[in-house]
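See below for the structure under consideration.
What follows draws every value from the coordinates through simple rules; no lab data is involved. Small disclaimer: the values here were computed from a predicted structure and weren't measured. Every residue, glycine among them, receives a Cβ derived from its backbone with ideal geometry; neighbour counts consider all protein chains shown.
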Amino acid sequence: MKERPPFPVRLDFSAGKPTDRRSVPRFAGQAQSPGARPSGHPLSQGVGMDSSAVRMNMVRKLVQQGVSDPMVLAAMQAIERHRFVDTALVNQAYEDTSLPIGLGQTISKPGVVARMLELLRNGAPGKLGRVLEIGTGCGYQAAVLSRLASEVYSIERLRGLHDKARHNLRHLALANLHLLFGDGMVGYVKGAPYAAIIAAAGGEAVPQAWIDQLAMGGRLVAPVSAGAGAPGRQALVVIDRTPQGLRQMMLEAVHFVPLKSGIA
Ligand code: SAH
């Protein structure tokens with residue numbers, strides 16, 4: 001596995017030549033690629049700016065987008081997203097954009113991670129109990145979740161990403177985060193029942209196993225296919241297990257990678 005550059009990449013514009021070649025396309029060039037940050041972004045001014053300040057700016061934007069849960073905001077401030085993306089993407093780590101993480105998968109944009117975690121917590125006064133995450137990917141959301149729950153079980157079906165997450169998470173040594181390699185469609189019965197279940201991949205429907213493994217009073221948040229009339233379209237679904245039965249809410253449109261069965 002390649003070494004990540006330190007963050008932030010330090011630049012020396014005075015000589016007209018950046019000191020770190022990795023940053024050339026994103027920081028030094030006048031002509032920027034589509035999706036490049038607008039001028040005025042703290043990183044574009046920011047020689048010597050530390051990643052905590054850049055994350056604070058990200059969190060401020062989350063608040064502007066309507067995220068208000070203080071535990072979610074604190075967790076997003078604490079976890080260093082730039083450590084979870086590949087070297088070439090480090091400088092985009094705090095933009096509100098999804099990024100490729102290999103094997104055709106993507107890390108969700110911070111706005112979507114925060115929105116889903118806020119829904120998942122549903123204003124709980126303290127930490128959640130046991131939480132199941134389907135789709136570990138690079139491990140970023142799992143790390144954020146580990147600050148919001150007593151135990152996190154996170155399943156990934158692609159061996160390459162499971163290994164990558166393990167590598168990415170090593171520096172944090174999170175004792176309450178359990179990374180599992182397997183098919184998350186069947187949930188993880190050994191950790192059940194769960195106070196909360198969150199999926200980072202969307203299928204045609206929510207698998208029955210997830211519903212079965214949801215504790216009374218528990219909440220599930222997942223992307224699902226918006227229906228036969230809307231191929232390729234997904235929406236966020238929230239399912240609560242209440243004493244009166246299951247309660248379901250369909251929320252805004254989202255765009256997640258597909259939920260697939262089996263391992264690879
Ligand atoms: N939360 C992740 C996002 C990863 S993208 C992050 O922070 O990086 C969604 C992930 O779900 C992909 O890695 C994909 O391989 C995985 N996935 C899809 N179907 C799955 C399944 N049935 N079980 C486990 N993981 C699955």
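Return the FRET efficiency for the residue pair residue 122, residue 230: r is the Cβ-Cβ distance, R0 is 30 Å, and the value is rounded to the nearest 0.05.
0.65
Starting at 0 and stepping by 5 Å, how many percent of the alpha carbon pairs of segment 103-254 end up in each bin?
2, 10, 20, 23, 23, 14, 6, 2, 0, 0
Please give the length that would be gained between residue 52 and residue 176 if that part of the chain were fully extended, namely 0.36 nm times their separation in residues minus their C-alpha to C-alpha distance (nm, one decimal).
42.3 nm
Taking 0.36 nm per intervening residue step and subtracting the Cα-Cα distance, what contour gain separates residue 244 from residue 261 on full extension?
Gain on extension, residue 244 to residue 261, equals 3.0 nm.
Once R0 is set to 30 Å, what does the formula 1/(1 + (r/R0)^6) return for the Cβ-Cβ distance between residue 190 and residue 216, expressed as a FRET efficiency to the nearest 0.05?
For R0 = 30 Å, the calculated efficiency reads 0.95.
Can you give me the relative contact order of segment 103-254 as a percent, contacts being Cα pairs under 8 Å and 6 or more apart?
Once divided by the residue count of segment 103-254, the mean separation gives 19 percent.
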